[in-house]
Number of protein chains: 2
Amino acid sequence: MNIDTVQFYKQLADETRLRSLVLMAIEGELCVCELTHALGVSQPKVSRHLAQLRENRLVRDRRAGQWIFYRINPELPGWAHAVLEATVKGVRHREPFKGDRKALATMPNRPDAACCA
Amino acid sequence: MNIDTVQFYKQLADETRLRSLVLMAIEGELCVCELTHALGVSQPKVSRHLAQLRENRLVRDRRAGQWIFYRINPELPGWAHAVLEATVKGVRHREPFKGDRKALATMPNRPDAACCA
DNA sequence: ACGAAATATACGTCATTTTATATATATGGA
DNA sequence: TCCATATATATAAAATGACGTATATTTCGT
């Protein structure tokens, strides 16, 4: 797959998008409400940033009933995957990324991506 | 070394800065006039972006006579180096990065970083 | 000390990006 | 059909970022 390098990095250059990407890279598919809860930001804010990630093809979405699950686009070029992997390794034990996973883990009534396929 | 992740990616999210970083990652130390020539942009533009990279500690500078040589900061955290390496591997054979190296190679009166130490 | 070359900074302006708030759309269940 | 939940979009204001042009600073050679 092809991708503009600067545009790719512009997507990583925002806290909301970066935290969403790191969380998806670690946890796999996540729906908007899970991301909203994990990051502790407003729903429109998450939604807008996810739309931007989708437009730039960093992520893909899938509707499952009332939920829409987002995941890292598996068709990203190899170097982009490598960049994301290196980032995750480097920052996953730092804040706010660490706290995001904790908040996600304690979320009540969490929809299960696997069961809604 | 410590670095803010979003701030790091903001530095990569601009064409002039990204081209400069990729060129430095491949060629090693470069002075402002070499970057100006290679990228084909104005001197103040290059200088301003290099200053920003220095302020965010992505690069270090070294004065050698009338020239100031910039290089990737070797003290960047490992994951940041990995990100840069992956990027270089992925984009070095694409434009404009490929052309930047060609323009640098054909630059007349190029100062030699090694001889000016 | 003076001029030339290399580099840095200041200023005003324009374009892009992000945000909050409000509202619209879509889905599922009663 | 009606309501609740999940998600998306519109709008306008605010913040941020990049740019060209002009000028300042530093260093070297004479």
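Neighbouring Cβ atoms from other chains, within 10 Å of the Cβ of residues in B:92-99, number 1 on average. Dividing the Cα radius of gyration of the protein assembly as shown by its Kirkwood radius returns 1.05 for Rg/Rh. Entry note, chain B: the mean residue ellipticity at 222 nm calculated from DSSP H runs of n ≥ 4, each adding -39500 (n - 2.57), is -16500 deg cm²/dmol after division by the residues and rounding to the nearest 500.
Fully extending the segment from B:Glu15 to B:Arg92, taken as 0.36 nm per residue of separation minus the present Cα-Cα distance, adds 26.3 nm.
For A:His93, what charge total do you get from the other residues with a beta carbon under 13 Å from its beta carbon, if Lys and Arg give +1 and Asp and Glu give -1? Mind showing how you got there, number by number?
Values: positive: A:Lys89, A:Arg92, A:Arg94, A:Lys98, A:Arg101, A:Lys102; negative: A:Glu95, A:Asp100.
Around A:His93, the surrounding residues sum to +4.
For the cross-link pairs A:Lys89/B:Lys45; A:Lys45/B:Lys89; B:Lys10/B:Lys98, the ones whose C-alpha atoms lie over 27 Å apart are A:Lys89/B:Lys45; A:Lys45/B:Lys89.
For the stretch B:5-100, the equivalent ellipsoid built from the Cα gyration tensor has semi-axes of 19, 16, 12 Å, listed from largest to smallest.
To the nearest ten degrees, helix A:43-55 and the longest principal axis of the Cα atoms of chain A are 40 degrees apart.
Averaged over the residues of B:61-71, the number of partner chain Cβ atoms lying within 10 Å of the residue Cβ comes to 0. If you find the alpha carbon centre of the stretch A:1-56 and of the stretch B:43-73, how far apart are they in angstrom? If we compute the Cα centre of each part, the gap is 32 Å. Roughly what would the spin-label model give for A:Ala103 and B:Arg71, points 7 Å off Cα along C-beta, in nm? Between A:Ala103 and B:Arg71, the simple spin-label model gives 4.1 nm.
Bear in mind these aren't lab numbers, they're just calculated from the coordinates by the rules spelled out. In this text, all values refer to a predicted model and were calculated from it rather than measured experimentally. Heads up, the Cβs are rebuilt from the backbone with ideal geometry, glycines too, and the neighbour counts pull from every protein chain shown.
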